[in-house]
Amino acid sequence: MRSIRKLLGRDTVQPAEENDRMTEEEAQQQPQDGDRWDAEAIEKMVPRRDFPAYTGWASQGPSDAALLASVGSSIRALGAAPPAPMPLFAAAGRPRMAAGRGAPGGAPRPAMAMAAQKMAAPMAAAACAIGFKTGGAQDAANFRENIKQGHLPAPSDVTYEGLIKDYMFDTSPDTGPAEPCTELFCPAYSLALAPDPLLAASAAAHEKAPPPQDVFLAVGLDSGITDFRRPRLNLVVLLDISGSMACPFNSYYYDAATGRQRQLTGADARRTKLDVAKDVIKGMLARLGPDDSVAITLFNNGAATPKRMGRWGSADAAGIRAGVDSLYANGGTNFQVGLDEAASQLRGHPDCIDGDPATTENRIIVLTDAETNCGDITEEGLLARLKAAAADRFYTTIVGVGLDFNSQLVDGIMKVRGANYFSVHSPGEFKQRLDDEFDFMVAPLVFDLELRVDPASLDAQEPPAAAAAGPEAREQRSAAAGVPPGGGWKVVHVYGSPDSEERRLSGGGSIMRIHTLFPSAKTEEGIKGGVVLLRVQPPPGCTPATAPPLRLAARYCDRAGKQYNTVREVQVPAGAGDAAPGASFFQSSGVRKAVVLARLVDALQAWLEDEWAAPGPAANSSDTWQAGEAAALAGGAPRPATPAQAPAHAAAPAGPRRLRPGCPLRPLGADLAGSPPPSAAAPRRALGPWERASRKLSVNLEARAALAQLLPYVEGEVAALSDQDMRQEVDLLRLLAGQ
């Protein structure tokens, strides 16, 4: 009876507590409530409504039918399907099982014998050998799907760390067998010398001297772990049920021309982003073991937790899946209140606070299109929340759902410890990913990786044997020789780290940092996504062949907080100095693949920055301008754009474009995750900063020419690497270059 009165808004409600703290009553109810789906909990997500006065149970109150109708109306407003008519005094369902705590983890084991070695998760995949990959973006699916659907991706849709997760990397030197790895983390270094492909193509076309070689260092992310099992999991699934989640899975919620919400009819309304998110949730639940604990939290304008934290082994699994299936979308998107409610579930669960970090993982998995429009919508505010959660060992994964997933916001707020994010564009494909990678995506093993250029490498005049003399003697020798401090090897850019630019590279180019490494599949072909690429510079006045050896010190922590240190020396192979001017040298197939993908990402990001910097096309423009570009590519004269037809972006840009034929490829760096790109066509409805409207795919003439110049280089590298999966990059360039 009390539940019905509470659902109808007639029960006494205590004042709200802070979002990150459970009331005493909630904490006492949690063990039993954690076993079942509680539709009443959704009540708090919307303002209360007034209902007819109710003073009794049977004789004095409304009829059963009227009462159920009121309940159904209330639940419909909250985002769940109404219950089927049934007697109010139906026989009780099966009794709830007592929710017990999972077996506590043991004390941390020394050295490698830590979380990754024997972490029991009964439903986890069989033990396997692993390498590592970085956090942040785990794919480039949103970029590829927008291209496929004829939309212009945002620059943040394609990142280096996302693109490389499609490929295997073997960074062991081709010159001989690599030293076997027996530690938790073993960086494997290999060098590359290669000229910029656009400069090289331009020099060849104009019969000029070849450009100088750029120097790259691949850091292979290897591990000696051969029997990985994920830790026991305390999981909060945080589901966005806002109105934009009702959009078809392969469409934009906000129309490009008007900015209005799309009206869904017929087949378009049958398969929505929320439908796909439900499938993903049920797939994740299937991956849990009986000792894992799980909560399911919902958010739109408000937030609620219909499935509280409790052991999955004692839960009413069928009822919970049915509860997930009953949800539908409405309301705004208050990401902040959802994060706060999810964190409160973890903070109120004893095992999250007291559990052994070596054997217990606390994680929030968010399913959303990230079009937040109410609450704290600032990137800084959301990032601060995720940082505070990470400080308590509550880590975050975001699963972006739909074509209009706002990767720009997510890329900005995922630069925290233990974070990663994915995109979903095919439910079947993501189900396969859950089968293959779920245990990897929820179990970071390496934290606070710092790769430092050893002081012995920083003084170009110092003989290797003098390293033992200490830093004071080194500074005196450098001053006497007129060598400025830090005049040796420098790291000038880092590809593959999702961290902010100011964090991932500091110390004048002598220190590179990465928050987190996650396990990744390891086979004879290499490690999936297992590389970070550094662009380095030898000491002034030195070539790579004449420079002193590059000594790199790696420092990192495991899940239990134990710190590790390794120091390795990278010597430029003798053959590298013999390469002809303009020729390339690669010490491994892994570094070769890493370099060509870096060149590709530099070009794609530069093209997208150029397109989004130009005004969008007019709302009712035809394809006249694009047809003119096509004519020019076919060898004819471009069709002039008449004043009535010419879209605004047909005008020349205010300054030179970033991507042009014969210009060097350079990474965009820190400005990639700045303010959101402008929405197309000045929509009639002003969109919020993170609400994303579609824009028609376009490639300006200079970018087409530059991409056509890049294409033979990529084709040649793909052929040399014999990696058929990389043919998708060749096909992409052919499409964008109009070939």
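The values are calculated or read from the model by the stated rules, or taken from the named source; none is laboratory data. Given the structure is predicted, the values throughout are model-derived calculations rather than measurements. For the accessible areas, the whole protein counts, side chains as well, though only heavy atoms, and no ligand, DNA or RNA atoms are used. Shrake-Rupley method; radii C 1.70, N 1.55, O 1.52, S 1.80 Å.
For F586, what accessible surface area do you get with a 1.4 Å probe? Give it in Å², rounded to 10.
My reading of the accessible area for F586 is about 40 Å².
Over the range 191-246, with every protein chain in place, what whole percent of the accessible area is carbon and sulfur at 1.4 Å, could you tell me? Before the final figure, lay out the partial values.
Values: 840 of 1530 Å².
Roughly 55 percent, rounded to a whole number.
Work out from phi, with θ = phi - 60° and the Karplus expression 6.51 cos²θ - 1.76 cosθ + 1.60, the ³J(HN,Hα) of each residue of the range 325-339, listed in order in whole Hz, and give x for Gly and Pro.
5, 7, 7, 9, 8, 6, x, x, 10, 9, 4, 4, 5, x, 4
For the range 528-606, what class follows from the C-alpha gyration tensor (a ≥ b ≥ c being the square roots of its eigenvalues): rounded when a/c is under 1.5, otherwise prolate if a/b is larger than b/c, else oblate? Let's see the in-between values first.
Values: a/c = 2.24, a/b = 1.28, b/c = 1.75.
Note, shape of the range 528-606 comes out oblate.
Please calculate the 1.4 Å probe accessible area of E569, with all protein chains present, and give it to the nearest 10 Å².
E569 exposes around 100 Å² with every protein chain in place.
Could you pull out every residue, at least 5 positions away or on a different chain, whose amide H is within less than 5 Å of the one on D214? Hs are placed 1.01 Å off N in the peptide plane, and Pro or chain starts have none.
Result for D214 returns A194, D196.
For K562, K307, K148, give me the order by solvent-accessible area with a 1.4 Å probe, most accessible first, ignoring ligands, DNA and RNA. Present the calculation step by step, with values, prior to reporting the outcome.
Numbers: K562 90, K307 0, K148 155 Å².
These residues rank, largest area first, as K148, K562, K307.
At 1.4 Å probe size, with no ligands or nucleic acids counted, give the accessible surface of Y713 in Å², nearest ten.
Here the accessible area works out near 50 Å².
For the range 540-585 and the range 228-244, what is the centre-to-centre distance using only Cα atoms, to the nearest Å?
Measuring centre to centre over Cα atoms gives 39 Å.
Taking H as built 1.01 Å from N, whose amide H comes closer than 5 Å to the amide H of L665, not counting residues under 5 places away?
So L665 has HN proximity to L198, L199.
Going down the list K148/K273; K387/K562; K522/K593; K307/K431; K282/K562; K415/K593, which pairs span over 28 Å between their C-alpha atoms? List each step's numbers first, then the result.
Working: K148/K273 18 Å; K387/K562 21 Å; K522/K593 17 Å; K307/K431 22 Å; K282/K562 36 Å; K415/K593 25 Å.
Flagged as over cut-off: K282/K562.
For D292, D170, give the ranking by accessible area with the largest first, probe 1.4 Å.
Numbers: D292 0, D170 55 Å².
I get D170, D292, largest accessible area first.
Where only protein heavy atoms count, and the probe is 1.4 Å, what is the accessible area per residue for the range 273-386 in Å²? Working shown, then result.
Details: 2670 Å² over 114 residues.
Result: 23 Å² of accessible area for each residue.
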